[in-house]
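Notes to accompany the following structure.
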Amino acid sequence: MSSSIQQLLEGKIDFEGQKSVERITHYAFAVLTAVSFVLGFTLQSLSVTFGIFGLGVALLLVAVIPPWPPYNKHPVQWLPARETKKE
Amino acid sequence: MHTVYSRINNVSATLSTSLMVLLAAIACSSLLFTADPKGTLDVTSVKIFNGDSRRYSHRRGEYAFVNFNITADLSPLFNWNTKQLFLYLQAEYTNAQGVQNEVVIWDRIVRRKDDAVLKVVGKNKYTFREYSSKFKDVPPARYSLKYNLMPYVGLLTYGEAAQTTAPVQFPSAKERVE
């Protein structure tokens, strides 16, 4: 019972999923900073800037933190167990 | 990035970096706004009376009372990064001993663009006394309205919005109000 809770809290994703998550975070933050600055500057309102930034961060957290199934589509292919010779 | 905790760690680190870049960009954007509004300042009357200092009743001195008019439109100074404007009216003169003095006699904080259009008929808020206790033989003073632009993020900037066109004389002291 405790092992399934532990698995749930750990939220493991495979290596391909980790690569995607890293790519998504970096691109999302770069785009978000640029968009929120430009929109706020043209509308001359700091609330617009931080509103968009906050919304973007919330969406990113939802997209990246939980271990969604698409991040587990490439599990590690372990080699079959080999018989060890007992001398 | 293999566990939830390491993903949270990673995202929060990138978040703080992007936030700092965003704030630096906002601070730099203030450099693009180069408004330099000017207004008019008239000193309508200066009266000097002998009086006692409030704290030390034995210490007599001369106190100046200044009435002035200000008209200025400072709304060009308000951009997205302006938090408030601190306006102050100062009297600048060199006293009889040759010391340069700058006395702030009135100030105001302006937080909104609509409040930045000034039409003030006022008198000095703060005590205006000469440090060497007499205004006798002091050359005429120049009054100027200066402002300090306080941004949300960035450096404080200063400017001068108005000044008296001609130097204003200090009259001789009167003993009491007639």
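Throughout, read-outs are computed from the coordinates displayed, never taken from laboratory work. Just so it is clear, the structure is predicted and the values come from calculations on it, not from any experiment. Methodologically, a virtual Cβ is constructed for each residue, glycine included, from the backbone with ideal geometry; neighbour enumeration extends over all protein chains shown.
Need one number: nm distance between label points at B:Ser16 and A:Ile65, each 7 Å from Cα along Cα→Cβ, rounded to one decimal. Label at B:Ser16, label at A:Ile65, 1.7 nm between them. If you average over every viewing direction, what projected area does the convex hull of the Cα atoms of chain B give, in nm²? For the Cα atoms of chain B, the hull's average projected area reads 15.6 nm². Checking the Cα-Cα distances for A:Lys12/A:Lys85; B:Lys83/B:Lys123; B:Lys38/B:Lys174; B:Lys47/B:Lys83; B:Lys47/B:Lys113 against a 30 Å cut-off, the pairs over it are A:Lys12/A:Lys85; B:Lys38/B:Lys174; B:Lys47/B:Lys83; B:Lys47/B:Lys113. Debye-formula intensities of chain A, expressed as log10 I(q)/I(0) at q = 0.17, 0.23, 0.26 Å⁻¹, are -0.83, -1.07, -1.19 (one equal scatterer per alpha-carbon, no solvent). Each Lys and Arg Cβ is given +1 and each Asp and Glu Cβ -1; about its Cα centre, chain B then shows a dipole of about 520 debye. In this structure the amide hydrogen of B:Leu118, modeled in the peptide plane, comes within under 5 Å of the amide hydrogens of B:Ala72, B:Asp73, B:Leu74, none closer than 5 places in sequence on its chain. Ranked by how many other Cβ atoms sit within 10 Å of their own Cβ, fewest first, the residues B:Trp106, A:Trp78 fall in the order A:Trp78, B:Trp106. Label-to-label distance for B:Glu102 and A:Glu83 is 9.4 nm, based on points extended 7 Å past Cα in the beta-carbon direction. The lysines within cross-link reach of A:Lys19, meaning a Cα-to-Cα straight distance under 26 Å and a gap of 8 or more places when in the same chain, are A:Lys73. Going by neighbour counts of Cβ atoms within 10 Å, the residues B:His2, B:His58 line up, fewest first, as B:His58, B:His2. With a cut-off of 15 Å on the backbone N, the residues of the range B:48-76 near the modelled label site 7 Å out from B:Lys174 along Cα-Cβ are B:48-51, B:63-67.
Shown is the FRET efficiency for B:Asn50 and B:Lys83, computed with R0 = 41 Å from the Cβ-Cβ distance and rounded to the nearest 0.05: 0.45.
Computed from Cα atoms alone, the Kirkwood hydrodynamic radius reported for the range B:98-167 is 14.9 Å.
Counting every C-alpha pair in the protein assembly as shown, the share spaced more than 24 angstrom apart comes to 67%. Of B:Val117, B:Val4, A:Val64, the sequence from fewest to most neighbouring Cβ atoms within 10 angstrom is B:Val117, B:Val4, A:Val64. In the protein assembly as shown, the DSSP-assigned H stretches of four residues or longer account for a calculated mean residue ellipticity at 222 nm of -11000 deg cm²/dmol, using -39500 (n - 2.57) per stretch and the full residue count as denominator.
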